[in-house]
Amino acid sequence: MNTLKTAFLLTALTLLLVFIGERIGGENGMILAFLIAAAMNFFSYFYSDKLALAIYRAQPVTREQLPRAYEVVERMTGRLGLPMPKIYVIPTDAPNAFATGRNPKHASVAVTHGILQLLNDEELEGVLAHELGHVKNRDILTSSIAATVAGAITLVARMGWFAEMFGGFGGGGGDRRRGGGISALFMLILAPIAAMLIQLWISRTREYEADATGAHITGNPYALASALEKLDAYSKRVPMPGTATTAHLFIVQPLLSRDDFAGLFSTHPPIRKRIERLIGRPSVYGAPR
């Protein structure tokens, strides 16, 4: 069901991009919209993992340097039939983790110093199984495509606003300017908001799926639920600074700037709902906080 939902949402994003492209300049506008999306997806496919690791100053580690994580990842990849990903450590006390890479052969898993100190072995296993669930389910590629198409929609919508207000381009202006004020408003404001909401919906759907995969391969949903509850509580005291383009990667949402419009929306489902899906109640340790 989650896979079908994701496919539907990606299709909706693409159709929105096509609509805006057609509204700007007819067939030429559609072609332009697809070219922009293709270029952005090409960059995302090949370079988004390197960019994300660089943003957070993640450092590669060897088995000797981090045997605790290596042993867990080796055990989990064996169960999932995945190649061994590269392991990175992010030098921050904020507890968090993410996976990135265009496919299982080029995957990387990054953990912070804070999460290694906060979680016990079973909880860390649950977190790493969740991240490998993203790798197994190809969520990294799916989220990257959603993010870049949403970005293309925002870019093309701004171009559409200029086209509507200042005469159109690519042969698609002219009569289109009748009622252009309303359509320009749609393209400038409503289309990017719609794209962002669809992107966030995809991100949340994939988080639930990765939780389910992680719980299944460990056979211990309580360990992941316990890790999520600890991470939720501790990350409020020591938050992980994030960006709108990378927030969806992390197991718990990092802190986004409120100056950033995307910071008004959550890339992750509520922790209590994630825990409830895992163990049937919204808290591991008692009454909901």
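Here, each number is a calculation from the coordinates, and none is a lab measurement. Small disclaimer: the values here were computed from a predicted structure and weren't measured. Neighbour counts run over all protein chains shown; Cβ positions are idealised from the backbone, glycine included.
Can you sort TYR88, TYR47 so the residue with the fewest Cβ neighbours within 10 Å comes first?
Values: TYR88 22, TYR47 13.
Taking fewest neighbouring Cβ atoms as first place, the list is TYR47, TYR88.
How do 124-136, 240-252 rank on mean C-beta neighbours within 10 Å, highest first? Mind showing how you got there, number by number?
Working: 124-136: 26.2, 240-252: 21.9.
Highest to lowest by the protection proxy: 124-136, 240-252.
Could you list, in their original order, any pairs among LYS50/LYS273; LYS50/LYS236; LYS105/LYS236 whose Cα atoms are separated by more than 29 Å? Intermediate results must be reported in sequence, preceding the final value.
Working: LYS50/LYS273 32 Å; LYS50/LYS236 27 Å; LYS105/LYS236 34 Å.
Listed pairs above 29 Å: LYS50/LYS273; LYS105/LYS236.
Net charge near ASN220: determine it from the other residues with C-beta under 12 Å of the C-beta of ASN220, scoring Lys and Arg +1 and Asp and Glu -1.
Details: positive: none; negative: ASP121, GLU122, GLU123, GLU125.
With Lys, Arg at +1 and Asp, Glu at -1, the net is -4.
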Legend entry - Spacing of the two label points (7 Å from each Cα toward its C-beta) at VAL238 and ARG57, in nm: 1.5 nm
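Ranked by Cβ crowding within 10 angstrom, fewest neighbours first, how are ASP139, ASP232, ASP49 ordered? Write down the numbers at each step before the final one.
Working: ASP139 25, ASP232 19, ASP49 22.
By the 10 Å Cβ count, ascending, the order reads ASP232, ASP49, ASP139.
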